Amino acid sequence: MNGGGWGGRMWVVGVYAFLYVPILCLIVFSFTAGEITTRFDGFSLRWYAALARDAELHAAVLLSLRVGALAATAAVVVGTAAGVILVRAGPYPGSRFFVGMMSAPMVMPEVVVGLSLVLLFTHPALAVLGGRGVAAIWVAHTTLCAAYVAVLVASRLREMDRALEEAALDLGCPPLKVFFVITVPVIAPALAAGWLLAFTLSMDDFVLAAMLSDPGSTTLPVLVFARLHHGLKPEINALATVIVVVVSIAVLLANRLLLASAPAVARGG
């Protein structure tokens, strides 16, 4: 029994080491004085200074953040509406088709989705859409992320006690007000999780952004891949280190808020 426990622990340690040791190496090599990303040639902050002066990289980061925030917000709106229809509408003609179409972006290869959107935005008869660019990337990311949000919202709605909504309706509350006053607060954790998941997927996406970008709409993953052909410099390691630090701080703050709110919830219960 004890041997099995140690074996499981060693397996977990090995898995996490496989995941996080490369990230630690990336952080260490971001402080190298040389120009090779995988060799440490003395401590230096030169690549952080280069990162601070790289206007092209700054523009790509800001564009990725802007597109990610807009796509996540739109995906929450669309995905919430789809989740409500999936759970509350019940069987209706075409309901199975709607379920399939809603979940298709999660299982369909991104290259297929990207190609279809390229044909849509570049069709001569649809020039009003503006062609490739920021708007096209935003639509593509919203299409992809809305499916994930819909699954999260639908799962939370299935666990929700319908008596809360029915009681409000019996007391004369309009259905739209019931949704925003009763339903939304109950499913708020799913909405927050869906927004964060959608934002992460948008920031991380390369295939759709590469297929739909134009020279003025280069996101961070596309720019990093483009620079890969010319040889990456430790400046990219410095950028990755900044991202890791920001994300780690955000996770720690979120955990502290959750731990701080847990006793309050317990006392309220």
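The values are calculated or read from the model by the stated rules, or taken from the named source; none is laboratory data. None of the values given here were measured: they were computed from a predicted structure. With ideal geometry, Cβ positions are generated from the backbone for all residues, glycine too; neighbour counts draw on all protein chains shown. Remember, those area values only see protein heavy atoms, side chains included, never the ligands or the DNA or RNA. Shrake-Rupley method; radii C 1.70, N 1.55, O 1.52, S 1.80 Å.
The table below lists the values:
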read-out	value
Matching entry among 218, 200 (being in a helix (DSSP H, G or I) and not hydrophobic (A, V, I, L, M, F, W, C))	200
Hits in the stretch 167-177 - residues which are more than 15 Å from residue 80 (Cα to Cα) and of a type outside the set (Lys, Arg)	167, 168, 169, 170, 171, 172, 173, 174, 175
The one condition in (1) within 30 Å of residue 206 (Cα to Cα); (2) surrounded by 14 or more Cβ atoms within 10 Å (Cβ to Cβ); (3) touching a residue at least 60 places away in the same chain (Cβ under 8 Å) that residue 157 fails to fulfil	(1)
Residues of the stretch 173-197 that turn out to be open to solvent by 60 Å² or more (accessible area, probe 1.4 Å) and of a type outside the set (Phe, Trp, Tyr), as a count	9
Residues (open to solvent by less than 70 Å² (accessible area, probe 1.4 Å), within 24 Å of residue 85 (Cβ to Cβ) and touching a helix residue (DSSP H, G or I) at 6+ places or on another chain (Cβ under 7 Å)) located in the stretch 99-119	102, 103, 105, 106, 113, 117
Filtered residues of the stretch 76-93 (kept if within 22 Å of the chain's Cα centre (by Cα) and either among the basic types (Lys, Arg) or open to solvent by 60 Å² or more (accessible area, probe 1.4 Å) (or both))	77, 78
Of all residues making up the stretch 1-34, the number that are part of a loop (DSSP other than H, G, I, E, B) and over 30 Å from the mean Cα position of the chain (by Cα)	3
Test: residue in the stretch 1-15 that is touching a Gly at 6+ places or on another chain (Cβ under 9 Å), open to solvent by less than 40 Å² (accessible area, probe 1.4 Å) and at negative phi	no
Residue satisfying all of: in the stretch 31-55; closer than 21 Å to residue 220 by Cβ and open to solvent by less than 50 Å² (accessible area, probe 1.4 Å); modelled with the lowest pLDDT among these	37
Among the candidates 26, 65, residue that is open to solvent by 40 Å² or more (accessible area, probe 1.4 Å) and at pLDDT 90 or above	65
Failed item in (1) within 17 Å of residue 86 (Cα to Cα); (2) open to solvent by 80 Å² or more (accessible area, probe 1.4 Å); (3) touching a Ser or Thr at 6+ places or on another chain (Cβ under 9 Å), with residue 164 passing the rest	(1)
Residue match in the stretch 139-161 (condition: outside any helix (DSSP H, G or I), in contact with a helix residue (DSSP H, G or I) (Cβ under 6 Å, 6 or more places away or on another chain) and closer than 23 Å to residue 193 by Cβ)	yes
